[in-house]
Each structure stands twice: as C-alpha cells, then as structure tokens.
Amino acid sequence: MQSWPTGSSEDDPFSYDEDTLRKRGLLVTAVLFITGIVILTSGKCRCRGRKHHRWAPQD
C-alpha cells in the first residue's frame, strides 16, 4: 500500500491559494463579460438574424 506524504501544504500539488485563485477568476470573468458587451454593442457582429431590408426605389 502507498502511504501519502504528510508534509506541509507547500508539498501538496493540489493545494491552491484560494484568494489568488478567486481574484484571477473574477478578473477573467470581468474581462470576458466586458468583451461580450463590447461585441454586442459594436454593431459589427452580424448575428442578429437574417433580416434583409429592401429599399423601394423612389420615384
């Protein structure tokens, strides 16, 4: 049977600094959210459906 090391948390590869992980996750989330808002409001994205406007010739 394999015995697991009982060293400090620095030796454990699955030990994370939860505060840093939370801050980085919030930063990534904020950047993605702002990027999505900018894309939706820029008007250059043609993902609003296939609405073609036909203009009638003016006489």
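Worth pointing out:
- As a proxy for reagent exposure, Asp12, Asp19 were ordered by neighbouring Cβ count within 10 angstrom, fewest first; the result is Asp19, Asp12.
- Projected label points at Leu26 and Ile39, each 7 Å from Cα along the beta carbon direction, are separated by 2.5 nanometres.
Read-outs: derived from the displayed coordinates by stated rules, not from any lab. This structure is a prediction, so every number in the text was calculated from the model and none was measured. A quick note on method: Cβ atoms are made from the backbone with ideal geometry, for glycine too, and the neighbour counts reach across all protein chains shown.
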